[in-house]
Amino acid sequence: MEPALAAQALGASTEIATAALSGEDPEAVLRLVVRHAAELADADLGLVMTRADDGSLTVEAAHGDGGPTFTNPIGLVLSARSSAARTARSGVATVVDDVAADPRTAPFVPRELRHFGPFAAAPFGTTQRRLGALTVYRRRGARPFAEPAVEVLTAFAAQAGLVLVLAEGATARARLTLYQERERIARDLHDVLVQRLYAAGMQLDLLARRPTRKLARKDAQRLADAIDQLDASIADVRAVVRTLRNPEADQVTDLAESARTEVAIAGELLGFPPELDIDGDLSGVPPALADHARAALRETLSNVVRHSGAHKVSVHIGRGDALELVVADDGCGIPEGVTHRGLKHLEERARQAGGRCVVRSSPKGTTVTWTVPLER
């Protein structure tokens, strides 16, 4: 290899490595690769092609000028039987004097590339990870690609492919670290901050309702406002948690663990542990429905703590053809004014999820049944 050409190839590889490992946009890196490949081979056109599962190749980046009638080849798909695809599959470079006339290449040359002559293809990637092929073209009638140029192209394609594979791994590790950190922050917010805010709000509400301590109207209003602000803060934090976790449509949510947490908090405020019965596997409940059910359980238990004076509370969550939440207590029933204020959220959430909420109350206790059908 000529010293000048070797130095040029080394400089190109260094520039590509710097761009790829610094997190440059992958498309920009591919454009950089194909530009340097065309320059190293002194080609009129250079293409970077990536492999699909069926063995075909798709042009991802191009550099050069194919003449006045040449159309942009980005997105062009080459057959799995083309010479470029065979090069990508075998790891062996291909070089011919006329790509449109040579019997090894001519049958599968797309119309967009038939006016080119000299052609060379080098495998792009590593032995373990064959990304595709790097191809260069000269116009028909130009001198063929010499062996030194093909050697440089092959070595350059291998180095650039290795850099991209390493960069892909580094990006994946960084993404995993970011996701883990987001999940940790979300978990801490939910398990610590939200629960403390919720408990503080419940304790303030209980304080305001103690019959032995009559508060002045202004003080009672301030206390009510503080409770409302805590509720709003809880809603805001939960929204942040959902954003951090960014659940996908098919991601599972641990509704059972959330139910245990909500019941445990209610038990601390009631002074006795409610009974919790979970029937069925809740791990596959869709995230949106799990959020509705979790909020419905919290709202129902909040009403029990604030208003019921119950000595016994039971919570049942079952999954069959529907997700069913049943909260029953032996308290005094629902006081006047609470039905429209405290329970409307339960009904709204049930309607939003495509279900219904039924409340049965008497002086001997209250039962709230919250049900949403599940798609089979």
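The values are calculated or read from the model by the stated rules, or taken from the named source; none is laboratory data. Here the structure is a predicted model, which is why all the values come from computation and not from measurement. Virtual Cβ from ideal backbone geometry, glycine too; neighbours counted across all protein chains shown. Accessible surface areas use protein heavy atoms only, side chains included; no ligands, DNA or RNA. Shrake-Rupley method; radii C 1.70, N 1.55, O 1.52, S 1.80 Å.
Taking segment 304-331 as the search range and keeping residues that are open to solvent by 20 Å² or more (accessible area, probe 1.4 Å) and out of contact with any strand residue (DSSP E or B) (no Cβ under 6 Å at 6 or more places or on another chain), which one is farthest from residue 347 (Cα to Cα)?
Among those that are open to solvent by 20 Å² or more (accessible area, probe 1.4 Å) and out of contact with any strand residue (DSSP E or B) (no Cβ under 6 Å at 6 or more places or on another chain), it is 311.
Go through 51, 31 for me and flag whichever is among the basic types (Lys, Arg), modelled with pLDDT of 85 or more, under 37 Å from the mean Cα position of the chain (by Cα) and closer than 17 Å to residue 125 by Cα. Step through it out loud before you land on a result.
Details: 31 fails: modelled with pLDDT of 85 or more.
Of 51, 31, the one residue that is among the basic types (Lys, Arg), modelled with pLDDT of 85 or more, under 37 Å from the mean Cα position of the chain (by Cα) and closer than 17 Å to residue 125 by Cα is 51.
Name the single residue, out of those in segment 35-57 being part of a helix (DSSP H, G or I) and touching a Ser or Thr at 6+ places or on another chain (Cβ under 9 Å), that is surrounded by the fewest Cβ atoms within 10 Å (Cβ to Cβ). Walk me through how you get there before you give the answer.
Looking only at segment 35-57, we keep the residues that are part of a helix (DSSP H, G or I), and these are 35-41.
The next check asks that each one be touching a Ser or Thr at 6+ places or on another chain (Cβ under 9 Å); those that pass are 36-37.
Working: 36: 21, 37: 29.
Of everything passing the filter in segment 35-57, 36 is surrounded by the fewest Cβ atoms within 10 Å (Cβ to Cβ).
Applying the selection to segment 342-353, what residues are open to solvent by 50 Å² or more (accessible area, probe 1.4 Å) and either of a type in the set (Gly, Ala, Ser) or under 22 Å from residue 313 (Cβ atoms) (or both)? If you could, list the steps in order and put the result at the bottom.
First, the residues of segment 342-353 that are open to solvent by 50 Å² or more (accessible area, probe 1.4 Å): 344-345, 347-349, 351-352.
Within segment 342-353, 344, 345, 347, 349 qualify.
From the residues in segment 266-284 that are touching a Lys or Arg at 6+ places or on another chain (Cβ under 7 Å) and open to solvent by less than 50 Å² (accessible area, probe 1.4 Å), which one is farthest from residue 346 (Cα to Cα)?
280
Considering only residues that are touching a helix residue (DSSP H, G or I) at 6+ places or on another chain (Cβ under 9 Å) and open to solvent by 50 Å² or more (accessible area, probe 1.4 Å), which ones fall in segment 80-94?
81, 92
Taking segment 110-121 as the region of interest, how many residues are surrounded by 15 or more Cβ atoms within 10 Å (Cβ to Cβ) and at pLDDT below 90? Quick ask: steps written out before the conclusion?
Step one: of segment 110-121, the residues surrounded by 15 or more Cβ atoms within 10 Å (Cβ to Cβ) are 112-113, 115-121.
With the extra rule that they be at pLDDT below 90, the set shrinks to 112-113, 115.
Within segment 110-121, residues that are surrounded by 15 or more Cβ atoms within 10 Å (Cβ to Cβ) and at pLDDT below 90 number 3.
Can you find, within segment 122-148, the residue that is modelled with the highest pLDDT among those that are crowded, with 18+ Cβ neighbours inside 10 Å and of a type in the set (A, V, I, L, M)?
Only one residue fits best here, namely 136.
Mind telling me which of the residues 85, 106, 101, 80 ends up being modelled with pLDDT of 90 or more, among the small types (Gly, Ala, Ser) and closer than 19 Å to residue 146 by Cα? If you could, list the steps in order and put the result at the bottom.
On the way: 85 fails: closer than 19 Å to residue 146 by Cα; 106 fails: closer than 19 Å to residue 146 by Cα; 80 fails: closer than 19 Å to residue 146 by Cα.
So the residue among 85, 106, 101, 80 that is modelled with pLDDT of 90 or more, among the small types (Gly, Ala, Ser) and closer than 19 Å to residue 146 by Cα is 101.
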